[in-house]
1. Identify all residues within the stretch 46-60 that are of a type in the set (S, T, N, Q) and surrounded by fewer than 16 Cβ atoms within 10 Å (Cβ to Cβ); write none if there are none.
2. Output the number of residues of the stretch 36-75 satisfying the condition of being in the same structural domain as Thr241 (by TED's automatic domain parsing), part of a helix (DSSP H, G or I) and touching a Pro at 6+ places or on another chain (Cβ under 8 Å).
3. List every residue pair whose Cβ atoms lie under 9 Å apart, where the two residues are 6 or more positions apart in sequence or sit on different chains, the first residue falls within the stretch 536-549 and is among the aromatic types (Phe, Trp, Tyr), and the second residue, located anywhere, is crowded, with 18+ Cβ neighbours inside 10 Å.
4. With crowded, with 24+ Cβ neighbours inside 10 Å and touching a Phe, Trp or Tyr at 6+ places or on another chain (Cβ under 9 Å) as the only criterion, which of Gly686, Gly681, Gly637 stands out?
5. Filter the stretch 493-532 down to residues that are acidic (Asp, Glu) and outside any helix (DSSP H, G or I) and give me whichever is farthest from Leu433 (Cα to Cα).
6. Could you tell me whether any residue of the stretch 262-269 is over 30 Å from Met654 (Cβ atoms) and aromatic (Phe, Trp, Tyr)?
7. If only one of Ile558, Ile564 is within 24 Å of Thr537 (Cβ to Cβ), in the same structural domain as Leu683 (by TED's automatic domain parsing) and without any contact (Cβ under 8 Å) to a residue 40 or more places away in the chain, which one is it?
8. Tell me, yes or no, whether the stretch 586-594 has at least one residue that is touching a helix residue (DSSP H, G or I) at 6+ places or on another chain (Cβ under 6 Å), surrounded by fewer than 17 Cβ atoms within 10 Å (Cβ to Cβ) and part of a helix (DSSP H, G or I).
Amino acid sequence: MDNFLHKMTDRVTTRKGMWLTLSVWLLAAILLSVFAPNPKDYQVPTINSLPEDQQSVLAENKVDEYFEDDDGLLALLVFESDENVNQERLSSIVELIRDENIEGFKGIIPLDQLPSQATEEFLSDDGTTAFIPMTYQASLETDEIKVANQQVYDIVEQESDLSLAITGPAGIAVDSLDLFSRADLVLIFSTVGIILVLLVVIYRSPLLALIPLLAAGFVYQVVNPLLGILGKSGADLSTQTISIMSILLFAAVIDYSLFVFSRYREELKEHASKFDAMKRAMRQTGMPVFFSGGTVLAAMLVLFFAQSGDYRNFAPTFATAMAVIMVASITLVPALFTLFGRRAFWPKIPKVGQDKLKSNSFWSKVGGVVVKRPIGSVALVAIFLFISALNMFNLEYEFNTLHSFPEDMPSRAGYEVLESNFDSGQLAPTTVLYEGDEALTEEEQKTLIEELEQQPLVHQVRLDGMAENGEVLNLSLTYSENPYNTVTIDALEKTIDQSGEILSNAGLEGELFFAGETARIVDDRQVNNREVILIVTLETILIFGMLVVLTRSVKMPIYMMGTILVSFFAALGLGMFLTDLFFDIDTISNRVPLYAFVFLVALGIDYNIMLVSRFQEERKKHPVKKAVELAVANTGGVISSAGLILAATFAVLMTQPIQLLFVFGFIVAVGILMDTFIIRGILLPGLIVWFERD
């Protein structure tokens, strides 16, 4: 691998190779932009996260099979008024909606045909709030649902003074699409802006700020069309995945650009030729930079083993981006810096004969302190990390997607109106499907319902329909607690586990299936727990193996992976403590820990690779302590700069109106700063001095 990379970078850093490399990248960007499909044409707001063999998915399929008329996409129309929302006003709206030619409309509760007693369940006790369930055809695309919803809004606005908010799956789908569509440009411009400002402030050189961004722009123009090709070939492109991919792309390209130009600046102080200087720089940094990208790529490829659609959807998108970034890091980036040569560093142009390292720099002093007091340095950092990690035991998960939406989004506003004016258990009833070989008598039906009503937190069970001549029952089960609360999820999980016992107590032979929002969350939680163990284990083993190959050592990868894993737990604990303290967010999505692990480990290990690679280079000429001191001093500036920029780049996700992305971005930013200044600067060097011998 060394020889292959050296041959490639040696060729790229010649005059002819530089122009050839830049021409190939420019041509690729132009051709792909012109002829490849746009990934936006294949983006979807949500991904089916559960595998097809999960209990709730099987239950939903059976409900669709036996009760075909019930199949459809639910939209809950939530009405509010300062006065009473009477049946007559609602009935006229229902009639208008039914008579309007709304594409994809399937049905709506016929309030105008129901007796007044039957309509009471749709009105709040004070009469100022009402809701009406309506269904669209399940085949409708999100854009079509948005048009249909707007037609309903227009009818209500024109024909009444009622305020309307559409929630339920149809409302959530439309709001998800709106949130991400309006966030895309904000995300890109915010990312570019923060990177540009930080590069100018840190390096005080306009070209040093623009060249990495130019490289990132080239890479983006190549990756984006490639994702369009992926989408056209059948891959699902989640809007959330594309948003995070954009952050990863800019962050990684800038990171690797900083590593390259930092070493290039050193070599320009020894070599008069800009081509010789870059050749020498890439011979030292090419392998670590390429391997750093390889660890991120490996982390993304591991996600192919996930069963959850949310995680697995990351794999092809992020792997494609990282493969292009890896190639760019050893071709495009050195070619661009070679093109500009010493002018890239204006006004502080490096000259032959200048000192490579300032002995009084901040990181020189840090390296000196760690080398002199390794045990004390390690102990101090270990205490801080241990205390931070303890907060992991206080983690609480939020399973209601709507709570991650902005408060003014119609789907969340409508949901919260329902939550405050109706029994919370009615917000998302659980469908219980009984499937047997014989028709049940009325007495047997009653016994089954009674058994289900005796289960934890169950408020009411009612029969909604029968099929197959009474052999299949469709039951609606409501809880006394909110269907998204952890206690309710735990209660349903226990009921599902005891379904055989429930049927036995009822004297029935058959099978129970549970469908609905709470049932899906039960399965999702179980799948997610398995995924965390699987992905963490596979990623740790794979990256550890790659580090063994890179360092040609077993002990060094143990230090490197051990410090990163400890850093992750500390970042998760500290990150959640700070989000609660500063942003009043005390719960997180159960996706955040694994998202954070994948990115913190894959990106954080980059800095350990750069430090250890420099240590091994210096170790050939110096004893352990001196090699560590020089490694910290030489890599400290560029790694701290890269870490600040990387943390700020992920912090851009905090501008997004989705709480999951906000918390994820914040925790990753905290973790990267810890890796940059504490792990790479103190803990890892201290461990090397403590345990390595001359």
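The values are calculated or read from the model by the stated rules, or taken from the named source; none is laboratory data. What you are looking at is a predicted structure, and each value in this text was computed from that prediction instead of being measured. As a convention, Cβ positions derive from the backbone with ideal geometry for all residues, glycine included, and neighbour counts pool all protein chains shown.
1. Filtering the stretch 46-60 for residues of a type in the set (S, T, N, Q) gives 46, 48-49, 54-56.
Listed by number, the list holds a single entry, Asn48.
2. Number satisfying all stated conditions: 1.
3. If the second residue must be crowded, with 18+ Cβ neighbours inside 10 Å, the pairs left are Phe544/Pro557; Phe544/Met560; Phe544/Met561.
4. Details: Gly686 fails: touching a Phe, Trp or Tyr at 6+ places or on another chain (Cβ under 9 Å); Gly637 fails: crowded, with 24+ Cβ neighbours inside 10 Å.
Result: Gly681 is the single residue among Gly686, Gly681, Gly637 that is crowded, with 24+ Cβ neighbours inside 10 Å and touching a Phe, Trp or Tyr at 6+ places or on another chain (Cβ under 9 Å).
5. Keep residues of the stretch 493-532 that are acidic (Asp, Glu), which gives 493, 497, 501, 509, 511, 517, 523-524, 531.
Restricting the remaining residues to those that are outside any helix (DSSP H, G or I) gives 509, 511.
Values: Glu509: 13, Glu511: 8 Å.
Restricting to residues being acidic (Asp, Glu) and outside any helix (DSSP H, G or I), the top hit is Glu509.
6. Step one: of the stretch 262-269, the residues over 30 Å from Met654 (Cβ atoms) are 263-269.
Add one more test, that the residue is aromatic (Phe, Trp, Tyr), and what stays is 264.
Yes: the stretch 262-269 contains one or more residues that are over 30 Å from Met654 (Cβ atoms) and aromatic (Phe, Trp, Tyr).
7. Values: Ile564 fails: without any contact (Cβ under 8 Å) to a residue 40 or more places away in the chain.
Testing whether each residue is within 24 Å of Thr537 (Cβ to Cβ), in the same structural domain as Leu683 (by TED's automatic domain parsing) and without any contact (Cβ under 8 Å) to a residue 40 or more places away in the chain leaves just Ile558.
8. The answer is no; no qualifying residue exists.
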